[in-house]
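Here the structure comes first, spelled out in structure tokens, and everything after it is commentary.
The values are calculated or read from the model by the stated rules, or taken from the named source; none is laboratory data. In this text, all values refer to a predicted model and were calculated from it rather than measured experimentally. FYI the Cβ positions are ideal-geometry reconstructions off the backbone, even for glycines, and counts take in every protein chain you see.
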């Protein structure tokens, strides 16, 4: 019965030096697990949860560490950008300060120095700290393969099931595109995780409301840790489109989320907390505007 | 020297990574060990076989059949086997051991030891243990049952009926398991040696609090004492390395004997969390007769039910401390305090900082809050009217003198004067910002803690210490271990102060049972106060011996200059009390402890009304330490202990599965506070000297863990009106209580 996990010190590691080389290796060796910062992979490996025959180490690919303007006025973030580097970027601050807020709650400093935004996305944990924010910001993921080149997939279409994503076996996540900040947007991030660092969330809320002349013209409410995938909240979003801001929209939360009892918390608690943190956000938007 | 905040002797090596922990050592040709553990809470073992398809050629396997002496972990009773033989009584119980040239091979071999079990009915509910089936311990599953009676509680309850001036107030309180969570898991290395007489034997080197516990336990299993035990640098203990390392050492030794090689046995974190001892859970029912006008305690009737788990370990001593501390630091002339410690099929519970006192004083403080609530009184006034004063008798009939109860209360109140945080949601770390809804509250709790062993414990033990003059320098030899609390720093301070020399000339010998005398275990807040006192006596004896050698008593260096020999001068002293303490362990009457520590804790916090999470803002504690030998280390002990209690309060929950096995066996899901979660701390050291301690020092290791969790419960109640009488107050429970309140 005891866990017989062991570190496979003999596991082969493929070491591409360029993105093209990485994509070719990925195509030739789809069984090689891509390795970015390793902050999830190493823990899973040690716990015996994963047992890949080899790794594709992406860490040297500096080309994936750029943060740059996009022609559309937004920002393109290389998949290997660490949580720490997001916090140091003026571009990210300008367009997506809420993403920096989320990045600052991941693990603790050491994890933030090593863990990457791309890793958080591809790992696709329902508790991934940044994922609800990416959903709320309408992020678009740039995936690439040696054979077909790049394609774009909206965050909302990326998370398919528990730890299942739209990433194909020969693809790598290259970059994350975020649209330009709109002056009418109110954004919010809330992670509920019992302690203030080194916490795995019980509930995560990423939210964005675009309010024009007192009317909500766009609503993005996204959740983590309340279902098998990070998810948008369509019923709440629909209820919010209108005027004035419906601060009782949290009543719709139950229609959208599927929390469970697990080792960290209970379904009841998660649902109640989701409703509460949403209500407090909506009230704060009303107060800010009045 | 005394009272100086000298830098800790072990600090630099630890923060620079040079300190050598047991897992840093790899002896030549060392084998790696792993443990085959029971998957059942209760089962009969019908066979142990080796998988014929697995290559065991380089694997050493040990079962109970390989034990040369007795199959027992000798402690208070001999109920716990070193390796389960016919029956397993808890999940994760060791059944067999393996050692192999690599850790990977050892771990793989574990799953190829095929153990046949016949499951038996298991017992998990302590309420249904005493006198019930299955039979786990003795005739009735009771490890310890103590009833302490003081005054006439029956008469007081009887005369309360129909008396409008008094009221009977009852409450039930519950506390859960808590993990010690030393940062370094359990670990031991057994190596072969030849002793000074040329006899073959073993050396056990590992992480531990009590080297002579290991000697006692291992000698029974081996049937001889041809071994020594050496403490490695130890990454925390908190009681979790009091008795448990005996088992780890036995296992490493058995494998080393059978394999003929050195063996290293290090627990994985998850294994350590699932297998090792925890703080005893407890259900407490308190009934009191109180004066309606003031809340004064007229009679107390308390019943405690502790869950000891599958083996006795040190549970009777926890039960004892629970009985004695049950009322808290409050005077009551009519007391019945009854505690039952029963067996269940969960892993054994054992020593943990506070040793019963944190459980019962949570109930005592919550009960005073209940009295205040039911009578419409201020909880602080209820404490003031009941707090011990000089000359009061404790429930064991001990007369208190020079006590700090009121002094620590006033000192903490004075320091805490600054107002509460605004509670408007600003500055909520971890996200939430302006949107968070926070309610601020302040809570206060008081503790007493008997220092050192109970009753005649110290007199019976006669803890010893040696001091040697080696050249012009001195070396202290004790079995007291530094587990992070500062032993290696304060013993030299004591010797240097006594001899009038620089502290740099005094070193501490590593605890090696070949070299040091038995000073008693490093437990019970006794190292500074009791062993430190023996070290001081040794310094005085050494001075006397030197004076007689050189013919005069004067400046220490002048005496050294006058020596004609450079022979090592070594003296030994042992503990002896002054004969004034009288204790009857049969009736629980008399002087339970040589002295008590006193503490007042004030916690400022905010409750997040959306999530039930508690955010700690500030913790003020005023504690009577007798004399702070090293105020920096003393404050460190008090602050660390308080933070551990805050974890006990609101985040540390051990989740058991249906087999009694800890499910949240990772640091990611057993939630101890981080530095970010810690409040601003202010620690006031009150010094009311204890004549029996070195320079007046009292024990302080445990008292900071006694009541911060009770102060938290009061603060949550004051902030929100939510009443919580059960630990831990996880956010889920706080939310439920917030909803009940509506």
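The rows are residues; the columns are (1) at the interface with chain A (Cβ under 10 Å from one of its Cβ atoms); (2) under 17 Å from residue B:605 (Cβ atoms); (3) crowded, with 20+ Cβ neighbours inside 10 Å.
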{"position": "B:636", "(1), (2), (3)": "no, no, no"}
{"position": "B:702", "(1), (2), (3)": "no, no, yes"}
{"position": "B:708", "(1), (2), (3)": "no, yes, yes"}
{"position": "B:726", "(1), (2), (3)": "no, no, no"}
{"position": "B:731", "(1), (2), (3)": "yes, yes, yes"}
Note to self: Tell me the residue from B:302, B:295, B:376 that is free of Cβ contacts under 8 Å to residues at least 40 places away in the same chain and either under 30 Å from residue B:73 (Cβ atoms) or not assigned by TED's automatic domain parsing to the domain that holds residue B:654 (or both), please.
What the structure shows: B:376
Next item on the list: Check residue B:116 against each of (1) part of a loop (DSSP other than H, G, I, E, B); (2) in contact (Cβ under 8 Å) with a residue 60 or more places away in the chain; (3) within 14 Å of another protein chain (Cβ to nearest Cβ) and name the one condition it does not meet.
Entry: (1)
Next item on the list: Please give the number of the condition residue B:593 fails out of (1) assigned to a strand (DSSP E or B); (2) buried (at least 20 other Cβ atoms within 10 Å of the Cβ); (3) away from chain A (no Cβ under 12 Å).
Entry: (1)
Next item on the list: Please work out which one of (1) more than 14 Å from every other protein chain (Cβ to nearest Cβ); (2) more than 25 Å from residue B:375 (Cα to Cα); (3) touching a residue at least 40 places away in the same chain (Cβ under 8 Å) is the condition residue B:131 fails and give its number.
Entry: (3)
Notebook entry, point to check: What tally of residues in the stretch B:151-182 results from selecting those that are outside any loop (DSSP other than H, G, I, E, B) and touching a helix residue (DSSP H, G or I) at 6+ places or on another chain (Cβ under 8 Å)?
Noted result: 8
Note to self: Can you tell me how many residues within the stretch B:284-309 are part of a loop (DSSP other than H, G, I, E, B) and surrounded by fewer than 24 Cβ atoms within 10 Å (Cβ to Cβ)?
What the structure shows: 4
Next item on the list: From (1) over 25 Å from residue A:82 (Cα atoms); (2) at pLDDT 95 or above; (3) surrounded by 16 or more Cβ atoms within 10 Å (Cβ to Cβ), pick out the condition that doesn't hold for residue A:191.
Entry: (1)
Item checked: Criterion violated by residue A:198 - all others in (1) more than 10 Å from chain B (Cβ to nearest Cβ); (2) touching a residue at least 40 places away in the same chain (Cβ under 8 Å); (3) over 18 Å from residue B:436 (Cα atoms) satisfied -> (1)
Notebook entry, point to check: Do you know which residues across the stretch B:495-518 are in contact with a strand residue (DSSP E or B) (Cβ under 8 Å, 6 or more places away or on another chain) and within 16 Å of residue B:697 (Cβ to Cβ)?
Noted result: B:495, B:496
Next item on the list: Using the structure shown, decide if residue A:220 is at the interface with chain B (Cβ under 9 Å from one of its Cβ atoms), touching a residue at least 12 places away in the same chain (Cβ under 8 Å) and within 20 Å of residue A:124 (Cα to Cα).
Entry: no
Next item on the list: For the stretch A:85-108, name all the residues that are assigned to a helix (DSSP H, G or I), within 14 Å of chain B (Cβ to nearest Cβ) and within 14 Å of the chain's Cα centre (by Cα).
Entry: A:98, A:99, A:100, A:101, A:102, A:103
Next item on the list: Working only within the stretch B:44-66, note down all residues that are closer than 20 Å to residue B:262 by Cβ and either at pLDDT below 95 or surrounded by fewer than 13 Cβ atoms within 10 Å (Cβ to Cβ) (or both).
Entry: B:57
Next item on the list: Go through B:84, B:19, B:99 for me and flag whichever is outside any loop (DSSP other than H, G, I, E, B) and in contact with a strand residue (DSSP E or B) (Cβ under 6 Å, 6 or more places away or on another chain).
Entry: B:99
Next item on the list: Go through (1) within 30 Å of residue B:679 (Cβ to Cβ); (2) surrounded by fewer than 21 Cβ atoms within 10 Å (Cβ to Cβ) and name the single condition residue A:215 misses.
Entry: (1)
Checklist line | For residue B:715: the one exception among (1) out of contact with any helix residue (DSSP H, G or I) (no Cβ under 7 Å at 6 or more places or on another chain); (2) in a loop (DSSP other than H, G, I, E, B); (3) surrounded by 24 or more Cβ atoms within 10 Å (Cβ to Cβ) | finding: (2)
Item checked: Lone unmet requirement of (1) surrounded by fewer than 24 Cβ atoms within 10 Å (Cβ to Cβ); (2) over 23 Å from residue B:360 (Cβ atoms); (3) within 14 Å of chain A (Cβ to nearest Cβ) for residue B:677 -> (1)
Margin query: Need the failing condition index for residue A:151 against (1) touching a helix residue (DSSP H, G or I) at 6+ places or on another chain (Cβ under 6 Å); (2) without any contact (Cβ under 8 Å) to a residue 24 or more places away in the chain, just the number.
Written below: (1)
Check: What are the residues in the stretch A:109-135 that are assigned to a helix (DSSP H, G or I), closer than 15 Å to residue A:92 by Cβ and over 9 Å from the mean Cα position of the chain (by Cα), if any?
Finding: A:112
